[in-house]
Amino acid sequence: MLHGISCAGVVFALFSSVSSCQQTSPGDLTQPGVAQSAENDNSPQPEGRRIFGIFPNYRTSPSLQNYQPMTSREKFNMAFQDAFDRGTIVGAALSASVGQLTNANRSFGQGGAGFGRYFGAAYGDLVIREYMKEAVFPTFLHQDPRYFRRGTGTGWSRLGYAMGRIFWTHRDTGGAQFNYSEVLGNSTAVAISNAYYVDNRTAADAASRFGIQLGLDMAGNILKEFWPDLEGKFRRKHGR
């Protein structure tokens with residue numbers, strides 16, 4: 001979970017940096033992937049597979065142009081890549097360290113054994129979430145779990161688009177739909193986590209974890225939207 005917290009910590013600085021160099025377009029786009037003229041500097045940038053060289057970014061697509069739906073196997077493969085990526089493991093270890101330091105779950109204890117329990121719980125949270133919202137529910141509900149970058153328009157319009165993708169997503173058959181996979185996937189993961197978070201099983205605790213996960217996913221979408229712009233700006237600055 002901590003890798004999501006890190007995303008939330010830097011997302012506003014990233015947005016400010018990118019939006020300051022955006023050109024204002026007279027007509028905002030309402031759909032990603034709409035073709036722009038060659039001279040438009042706001043054309044979508046290709047996405048990398050990692051953000052800050054650490055966090056996995058397999059779920060991002062540059063646009064909806066030439067859209068091809070994912071097969072069930074591809075959805076599960078993507079969830080596997082995210083769940084077992086080294087960045088996810090590092091994030092779980094950092095989250096476990098913070099949890100143990102703050103004694104967030106007293107029943108886990110301290111010392112090496114306690115850290116193992118914190119790490120197991122943190123990593124379990126991440127793996128369950130990735131599979132539920134990227135593979136299981138998208139397969140059953142025929143929704144596309146990818147984040148399709150807008151890549152064009154003003155910074156504020158892109159920010160609103162990225163935040164809205166938490167609640168609105170693309171169907172495999174085309175068109176948009178409420179993002180049931182995101183909401184149900186996170187809800188299921190929170191419900192399952194009650195099995196090992198024995199100190200935090202109240203309805204209020206569950207609602208808090210659910211809200212935090214949605215907020216972190218929203219911050220992650222913002223990073224996915226603006227990261228290629230920031231990365232390109234960094235490379236130009238250093239002559240790469």
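Among 100-111, 144-155, 170-181, sorting by the average number of other beta carbon atoms lying within 10 angstrom of each residue, highest first, gives 144-155, 170-181, 100-111. Of all lysines in the structure, the ones whose alpha carbon falls short of 21 Å from that of residue 233, not counting any fewer than 8 places away in one chain, are 224.
Just the protein heavy atoms count here, and of the accessible area of the range 111-158 at 1.4 Å, carbon and sulfur take up 73 percent.
Hey, if you drop one equal point scatterer on each alpha-carbon of the range 91-149 and run the Debye formula without solvent, what base-10 log of I(q)/I(0) do you get at q = 0.24 Å⁻¹? Each listed q maps to, in turn, -0.83. Between residue 148 and residues 5 or more places away or on another chain, which pairs have amide H atoms under 5 Å apart, with H built 1.01 Å from N, and which residues are they? So residue 148 has HN proximity to 61. Stretched out straight at 0.36 nm per residue, the stretch from residue 177 to residue 73 would grow longer than its current Cα-Cα span by 35.3 nm.
Of the listed residues 136, 198, the order by accessible area with a 1.4 Å probe, largest first, is 198, 136. In the range 119-223, with Lys and Arg counted as +1 and Asp and Glu as -1 at Cβ, which of these residues, 203, 167, 213, has the Cα nearest the positive end of the dipole, that is, farthest along it? The residue sitting most towards the positive pole is 167.
Accessible area per residue was computed with a 1.4 Å probe on protein heavy atoms; residue 168 scores about 110 Å².
The residues packed around residue 109, meaning those with a beta-carbon under 14 Å from its beta-carbon, carry a net charge of +1 if Lys and Arg are +1 and Asp and Glu are -1.
The values are calculated or read from the model by the stated rules, or taken from the named source; none is laboratory data. Keep in mind the model is a prediction, meaning the values are calculated, not measured. Don't worry about glycine lacking a Cβ; one is built from the backbone with ideal geometry, like all the others, and counts go over all protein chains shown. Just the protein is used for accessible areas: all its heavy atoms, side chains included, with ligands, DNA and RNA removed. Shrake-Rupley method; radii C 1.70, N 1.55, O 1.52, S 1.80 Å.
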